[in-house]
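Novice: Quick one: structure below, then a few questions.
The values are calculated or read from the model by the stated rules, or taken from the named source; none is laboratory data. Everything quoted here is computed from the prediction, not taken from an experiment. FYI the Cβ positions are ideal-geometry reconstructions off the backbone, even for glycines, and counts take in every protein chain you see. Note: areas computed on protein heavy atoms with side chains; ligands, DNA, RNA excluded. Shrake-Rupley method; radii C 1.70, N 1.55, O 1.52, S 1.80 Å.
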Amino acid sequence: MEVNMDKLAELDGHWNEAMELAVKYGFITQAYGGTATLATHKNQLEAFRAENYIRRQRDMNGIDMEVQA
């Protein structure tokens, strides 16, 4: 078997697009060296608890998830 390198390059060409959407919608929990870990917001809230979840969304994705009084 041989990998279709043209198809591989085509698919990898969408990486920035995928990452931009992940940032826009706040799914990135960590990123490093061309890899990223994604999670739903519900799972992030359960894993990180409210204060850390709010801070991570603000710092990593520029999204303010805190209720404004």
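Novice: What are the residues in the stretch 38-69 that are exposed (fewer than 11 other Cβ atoms within 10 Å of the Cβ) and not in a loop (DSSP other than H, G, I, E, B), if any?
Specialist: Correct list: Lys42, Arg49, Glu51, Asp59.
Novice: If I filter the stretch 17-37 down to residues being open to solvent by less than 100 Å² (accessible area, probe 1.4 Å) and of a type in the set (Ser, Thr, Tyr), which single residue comes out as farthest from the chain's Cα centre (by Cα)?
Specialist: Of everything passing the filter in the stretch 17-37, Thr35 is farthest from the chain's Cα centre (by Cα).
Novice: Another one. When you scan the stretch 1-23, how many residues do you find that are under 16 Å from Ile63 (Cβ atoms) and either touching a helix residue (DSSP H, G or I) at 6+ places or on another chain (Cβ under 8 Å) or not in a helix (DSSP H, G or I) (or both)? Spell out the reasoning first.
Specialist: Our first condition is that a residue be under 16 Å from Ile63 (Cβ atoms); within the stretch 1-23, this holds for 19-23.
With the extra rule that they be either touching a helix residue (DSSP H, G or I) at 6+ places or on another chain (Cβ under 8 Å) or not in a helix (DSSP H, G or I) (or both), the set shrinks to 23.
Number satisfying all stated conditions: 1.
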